[in-house]
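Remarks on the structure that follows.
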Amino acid sequence: MANGPMDRRAFGEHPDRPNGTVMGQGTEYTGRYVVLFEPGDQESGLNALRSSADIASVERVRGTEAANVAELLERPDVSVLFEELGAAVVEVRPEQRHALVTSAEAESSIIAAEPERMVYASPITAPQQAPTEFFPAYRSDEEVVAHHTMAEIAAAQGPASDEEHWTWGLQAIRANLSSLTGRDVKIAVIDTGVDTDHPDLVGRIEASASFVPGEAVEDGNGHGTHCIGTVAGPANPRQGPRYGVACDARILVAKVLSNAGSGTDGQILAGMAWAVAHGAQVISMSLGARVRPGELFPQTYEKLAQRALERGTVIVAAAGNDSHRPPEIRPVSRPANCPSILAVSALDKALTPSFFSNGGINGQGGEVNIAAPGRDVRSAAPGGGYQSLSGTSMATPHVAGVLALLAQANPHASAADLKESLMSGAFPLTQPARDVGSGLLQAP
Amino acid sequence: MSESAQPAPVGIILAVDPDRFAEVVEALRRAGLTVTGEQPALGTLSGSVAEDRIPTLETIDGVESLDRERTLQLPPPDSPIQ
């Protein structure tokens, strides 16, 4: 699968650069230094750096000569002085970095010298669209800004094609960088049941119930087992990459869809109520039924969802797969179209909406709230194996898993708090909010 | 199908006032609802009723919503899109 459109050269793979890049404390450095000089006395500062740190020869650039700056900056044998700015990007050999910093501190004509950081402007993130939902309120919060910066780097680097250790979905949502596991958080998956003998899930099922007449909770379909795997598959699966988001969460299984994949609203309501009664903090529902453009959400589901929220349960549901992009975009299915249920759309590996993913055509709850990996998603299959499936059904359990991580990190948070954290933590994408809501799901 | 003139029952789901759940459900039964499932803690229930009785059910005090029940169907398990 193709990577994102970003030029990977910017990410440290400079075969012609002996320095390479430097990673530290989650920040990526170029190996160069940005030096700010006292206005009017740039020469003293440069001379100090030349003599003490043996910096590369200096090319001077003025504003009107910008055309070849990029090329100059790429050259390891050239430092670039921006005369009008009184600033330089300085090339220095690794063993001279300490000397450069010491010299800069001692030299009165140098105001500051900092390692140059990697900053990425990618087609995914630039131009920065006006973020939706809660994001603006967090602009002054350093931690959140840092989080977004990390997310920006992840997004700019493009989705991983290497799934040796982690599925591309877990990498895209940064679950591979999170130390949270969802420990002690209960997640209910309302679906076709579960393969109770799957080696990756044995011992992980806290409770289960079937609301399908005449069928046990055992998954004769595969849909439920796949979704459960994505929500809470183990840290060390029997085979292949890790694919589960909340690897220590406690799993509640409500079977409301038959082995043939069908179920009624009544069975689903029963499963939801069972989950709430069992203390589920998250309900994941990879199910839905088509609605027409303009159709109102089902108010009975909305009432139930409101009451569940009051009891501390967040409900996420699949936006549905009825679209055929381009150009046909179908509205978010029910019950995901309820205002109190989070609707999840699906992204491809390129972090663009999957062709089948429904959009926010209808108002009043019919919006997409958040987007998550939903294409070629590997997870558990009945019989002890694995399979890759696509759909908003696969995107939804990623969100449920992240909610469990948030619940673990914030044990006293209300359901409303968790929803807000989820939405504000999403990474804004340039695609329309109609298709991706607040953006790409991100693990805390 | 039934030979009577009665319309075939249709499935519905309802939300009612959870604080007087039993009382409202009893009124719904008297108005013709056959209850197939109930969730008292969250104040919802499902059932079937003759279609022409639906307007009557909607007017019962304590009934907050009434939706026609639908059946959801997943794609076949071998479909690449789920």
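The values are calculated or read from the model by the stated rules, or taken from the named source; none is laboratory data. All values reported here derive from a predicted model rather than from experimental measurement. For neighbour counting, all protein chains shown are included, and Cβ atoms are generated from backbone atoms with ideal geometry for every residue, glycine included. Keep in mind that these areas ignore ligands, DNA and RNA; they rest on the heavy atoms of the full protein, side chains included. Shrake-Rupley method; radii C 1.70, N 1.55, O 1.52, S 1.80 Å.
Here are a few things to note about the model shown:
- Cβ-Cβ contacts under 9 Å between residues 6 or more apart (or on different chains), taken from a first residue in the stretch A:392-415 that is touching a residue at least 12 places away in the same chain (Cβ under 8 Å) to a second residue that is outside any helix (DSSP H, G or I) and among the aromatic types (Phe, Trp, Tyr), are listed as A:Thr392/A:Phe356.
- Test: residue in the stretch A:397-408 that is open to solvent by 40 Å² or more (accessible area, probe 1.4 Å) and in a loop (DSSP other than H, G, I, E, B): no
- Scope the stretch A:215-230; condition closer than 22 Å to B:Pro75 by Cβ and assigned to a loop (DSSP other than H, G, I, E, B); matching residues: A:Glu215, A:Val217, A:Asp219, A:Gly220, A:Asn221, A:Gly222
- Strands (runs of 3 or more DSSP E) wholly inside the stretch B:9-82 containing at least 1 residues that are more than 7 Å from chain A (Cβ to nearest Cβ), touching a residue at least 40 places away in the same chain (Cβ under 8 Å) and over 10 Å from the mean Cα position of the chain (by Cα): B:9-16, B:44-50, B:63-68
- Per this entry, A:Ser262 is counted among residues that are within 12 Å of chain B (Cβ to nearest Cβ) and open to solvent by 10 Å² or more (accessible area, probe 1.4 Å).
Each row is one residue, and each column tells you yes or no for (1) open to solvent by 30 Å² or more (accessible area, probe 1.4 Å); (2) at pLDDT 95 or above; (3) more than 27 Å from the chain's Cα centre (by Cα).
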{"residue": "A:Gln267", "(1), (2), (3)": "yes, yes, yes"}
{"residue": "A:Gly271", "(1), (2), (3)": "no, yes, yes"}
{"residue": "A:Thr300", "(1), (2), (3)": "no, yes, yes"}
{"residue": "A:Val316", "(1), (2), (3)": "no, yes, no"}
{"residue": "A:Leu351", "(1), (2), (3)": "no, no, no"}
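- Strands (runs of 3 or more DSSP E) wholly inside the stretch A:265-363 that include at least 3 residues being within 12 Å of chain B (Cβ to nearest Cβ): A:314-318
- Of the residues making up the stretch A:231-253, not a single one is assigned to a loop (DSSP other than H, G, I, E, B), buried (at least 21 other Cβ atoms within 10 Å of the Cβ) and either over 25 Å from the mean Cα position of the chain (by Cα) or within 14 Å of another protein chain (Cβ to nearest Cβ) (or both).
- Just one of the numbered conditions (1) within 19 Å of A:Pro241 (Cβ to Cβ); (2) surrounded by 24 or more Cβ atoms within 10 Å (Cβ to Cβ) is not true of A:Ser388: (2).
- Set B:Thr56, B:Thr34: member being more than 30 Å from A:Asp348 (Cβ to Cβ), open to solvent by less than 70 Å² (accessible area, probe 1.4 Å) and of a type in the set (S, T, N, Q): B:Thr56
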